[in-house]
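All of the numbers you see were taken from the coordinates with simple rules; none came from a lab. Keep in mind the model is a prediction, meaning the values are calculated, not measured. FYI the Cβ positions are ideal-geometry reconstructions off the backbone, even for glycines, and counts take in every protein chain you see.
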Amino acid sequence: MNLYAYFSDRIFAALDTLKADGVLPGDLVVRGVTAEPPRDPAHGDIATNAAMVLAKQAKMPPRELAEALAAVLAKDEDVVGVDIAGPGFINIRMSPAFWPRILTSVLELRGNYGSSEIGAGEAVNVEYVSANPTGPLHVGHVRGAVFGDALAALLDYSGFKVTTEYYVNDAGAQVDALARSAYMRYREALGQEIGDIPEGYYPGDYLKPVGELLAEKHGESLLGADETEWLPVIRAEAIDAMLALIKDDLASLGIQQDLFFSERSLIEGVTDKVAGTIDELRERGLIYEGRLPPPKGKTPEDWEDREQTLFRATEFGDDVDRALMKSDGSYTYFASDIAYHNDKYKRGFRNMIDVWGADHGGYVKRMQAAVKAVTAGEGALDVKICQLVRLFRGGEPVKMSKRAGDFVTLREVVDEVGPDPVRFMMLYRKNDAPLDFDFVKVTEQSRDNPVFYVQYAHARAYSVFRNTLEVFPDLKPESLNPVKLKLSLLESEEELELLRRIAQFPRVIEASSVAHEPHRIAFYLYELAGDFHSLWNRGKELPQLRFINAANRDLTEARIALVSSTAEVLASGLRILGVQPVREMR
């Protein structure tokens with residue numbers, strides 16, 4: 001049960017009653033009306049803006065419309081109080097007898113409680129990580145990897161048909177530099193002295209095993225070959241090795257993407273898809289030959305005052321038109337990116353989400369303009385920028401990795417603290433805000449460590465189930481029959497507060513899905529865990545609030561239903577985030 005969707009129907013029914021009574025115009029269009037939690041829980045359980053958004057259309061003062069609507073809502077059997085705040089906001093308080101229905105819903109749906117059909121099976125493509133295949137993933141990639149994976153899981157839980165994708169940048173100068181670096185390691189593996197790694201090459205030790213594999217496969221056959229002969233061979237094999245390394249890194253975080261799409265396939269396939277995309281845009285008058293003004297401020301060294309092939313990006317919201325061809329006749333990165341998103345669209349994705357690093361913020365407008373253009377306005381691109389992650393250990397900055405050469409690798413972070421703390425903490429802040437990750441703090445067993453606090457709540461629930469069996473050997477949470485439970489026995493304010501929090505889960509899921517913000521799930525789980533821990537602690541102080549009452553099986557069953565529902569929601573939320581809902585903590 002989605003409480004807020006459920007009560008929205010009640011509000012619409014009340015508005016229909018006012019129409020039938022002639023208080024509101026019969027042709028009133030009900031649009032923009034919401035039912036959501038009040039900002040201050042002390043004001044009630046549900047707030048609606050109905051009077052505010054309909055007043056102008058109804059030709060009534062908002063306060064007058066609110067009073068009329070409140071009078072109808074107050075007659076609802078599930079409502080015990082209706083208050084009007086400010087100019088016309090309506091706050092509604094539900095009857096204590098209503099809340100047990102939430103538990104019934106959770107116990108019946110179990111892991112599907114909170115899942116939604118708002119996606120209606122719509123295909124959505126989530127592209128994330130997409131790091132150059134030139135080495136292991138570093139800590140800067142961790143956040144985007146976790147964010148993209150959790151967002152995909154969230155959208156799937158909300159009824160979308162999700163495809164996860166990694167765009168392999170295997171057609172640029174960086175992979176030629178990779179090939180030359182791997183060739184040096186190949187020579188090294190064959191016993192040659194290679195000296196210092198030249199500037200512009202990749203110095204990390206991670207290429208030594210690649211060189212050894214190349215030596216084992218090719219022997220000395222490539223030593224005397226011209227670069228034009230060995231470069232394509234080494235490049236292809238080095239890219240394969242790096243992708244295997246990247247996939248292994250991602251697997252350490254529980255991430256397996258559906259598709260790895262090669263940039264090179266856009267230009268080396270049966271048809272040149274970049275040229276094809278440019279031709280499509282040219283036919284629609286969106287390509288022209290012209291000159292671009294120099295950038296504002298300091299002019300970069302590579303800027304050329306020459307006639308270029310340009311895309312009319314300004315017609316679709318960009319600041320300037322954009323070049324598609326370099327002076328040597330090759331495509332710009334932007335041209336390839338347009339073709340790639342055009343390919344996504346032609347594969348059936350009108351809804352595209354790209355997860356990028358902080359250094360790509362200036363690229364957003366032009367790419368969204370391109371998607372509007374190539375899809376004739378039918379496609380939509382949402383770009384989520386993940387800001388930087390700063391690593392600390394006990395408050396001190398973490399030094400760089402020797403293995404990688406100049407950065408801390410993803411695997412180093414995961415190997416030290418485990419995937420669960422990494423995933424949860426990378427999501428415990430909005431993606432566009434900087435994040436500090438402290439190796440010491442994320443392993444503390446305290447409330448200040450959110451991942452521990454949430455996992456501990458789930459484990460604590462299972463300790464209750466184990467303790468219950470000592471008193472009632474046949475009372476297991478999975479054997480509870482919601483129809484036979486006396487849930488009305490849950491009447492303390494602490495129990496009702498926990499119930500109210502559980503009731504918010506479906507709305508949190510839908511709101512997070514619409515906004516593409518999985519961090520909301522992490523925040524919600526921390527609050528839910530807090531409510532559960534508070535109830536546990538109150539039971540230690542007040543025996544009448546303890547979950548297990550040996551003298552009252554009916555009350556124990558009702559409270560085990562509450563604990564079980566809490567555990568179900570915690571587990572569902574954690575799974576969306578890719579975090580293990582543990583049953584014991586040592």
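To the nearest 0.05, what FRET efficiency results for residue 292 and residue 268 with a Förster distance of 22 Å applied to their C-beta separation?
Once rounded, the FRET efficiency stands at 0.15.
What residues qualify as long-range amide H neighbours of residue 384, i.e. H under 5 Å apart, gap of 5 or more or another chain, H built at 1.01 Å from N?
Amide H to amide H, under 5 Å and 5 or more residues apart or across chains, residue 384 pairs with 354, 355, 356.
How many nm is it between the label spots at residue 575 and residue 173, if each spot is 7 Å from the Cα in line with the beta carbon?
In this crude label model, residue 575 to residue 173 measures out at 4.9 nm.
Only Cα pairs under 8 Å and at least 6 apart count here; give the relative contact order of the chain as a rounded whole percent.
16 percent
Taking amide H atoms as placed 1.01 Å from N in the peptide plane, list the residues 5 or more away in sequence, or in a different chain, whose amide H sits under 5 Å from that of residue 161.
Those qualifying (amide H under 5 Å, at least 5 residues apart or on another chain) are 121, 122, 123, 124.
Among the lysines, select those whose C-alpha is under 17 Å from the C-alpha of residue 208, and discard any that sit fewer than 8 residues away in the same chain.
Filter leaves 217, 402.
When the Karplus curve 6.51 cos²θ - 1.76 cosθ + 1.60 is applied with θ = phi - 60°, which whole-Hz ³J(HN,Hα) does each residue of region 561-572 get, with x for Gly and Pro?
Computed from phi, the couplings for region 561-572 are 4, 5, 5, 4, 5, 4, 5, 4, 5, 4, 5, 4 Hz.
Whole-Hz Karplus ³J(HN,Hα) for region 119-134, in order, using 6.51 cos²θ - 1.76 cosθ + 1.60 and θ = phi - 60°, x for Gly and Pro?
In residue order, the calculated couplings are x, 6, x, 5, 6, 9, 9, 10, 9, 8, 6, 6, 6, 4, x, 10 Hz.
Output ³J(HN,Hα) for region 485-496: one whole-Hz value per residue in order, computed from phi by the Karplus curve 6.51 cos²θ - 1.76 cosθ + 1.60 with θ = phi - 60°, and x for Gly and Pro.
6, 9, 6, 5, 6, 7, 9, 6, 4, 5, 5, 5
In whole angstrom, note down how far apart the Cα centers of region 391-463 and region 210-247 are.
36 Å
With a point put 7 Å past each Cα toward its Cβ, work out how far residue 307 is from residue 479 in nm, to one decimal.
For residue 307 paired with residue 479, the spin-label model returns 8.6 nm.
When 442, 274 are ordered from fewest to most other Cβ atoms inside 10 Å of their Cβ, what list results?
Ordered from fewest to most neighbouring Cβ atoms within 10 Å, 442, 274 come out as 442, 274.
Just going by the charge dipole of region 3-94, with Lys and Arg at +1 and Asp and Glu at -1 on Cβ, which of 44, 82, 66 is farthest out on the positive end?
Comparing the listed Cα positions along the dipole, 66 ranks first.
Of the cross-linked pairs 19/75; 273/430; 296/384, which ones have a Cα-Cα span greater than 28 Å in the structure shown?
Exceeds cut-off: 273/430.
Convert 37 °C to kelvin, take the viscosity as 0.692 mPa s, use the Kirkwood radius over C-alpha pairs of the chain as Rh, and evaluate the Stokes-Einstein diffusion coefficient in µm²/s, rounded to a whole number.
118 µm²/s
Tell me, what is the FRET efficiency for residue 585 and residue 284 to the nearest 0.05, using R0 = 51 angstrom and their Cβ-Cβ distance as r?
Plugging the Cβ-Cβ distance into 1/(1 + (r/R0)^6) gives 0.30.
Could you pull out every residue, at least 5 positions away or on a different chain, whose amide H is within less than 5 Å of the one on residue 325? Hs are placed 1.01 Å off N in the peptide plane, and Pro or chain starts have none.
309, 332
Can you give the extra length, in nm with one decimal, that the chain gains between residue 390 and residue 190 once fully stretched, where that is 0.36 nm per residue apart less the Cα-Cα distance?
Separation in residues times 0.36 nm, less the Cα-Cα distance, equals 68.1 nm.
Which FRET efficiency value, to the nearest 0.05, is calculated for residue 67 and residue 5 with the Förster distance at 25 angstrom and r the Cβ-Cβ distance?
Approximately 0.50, to the nearest 0.05.
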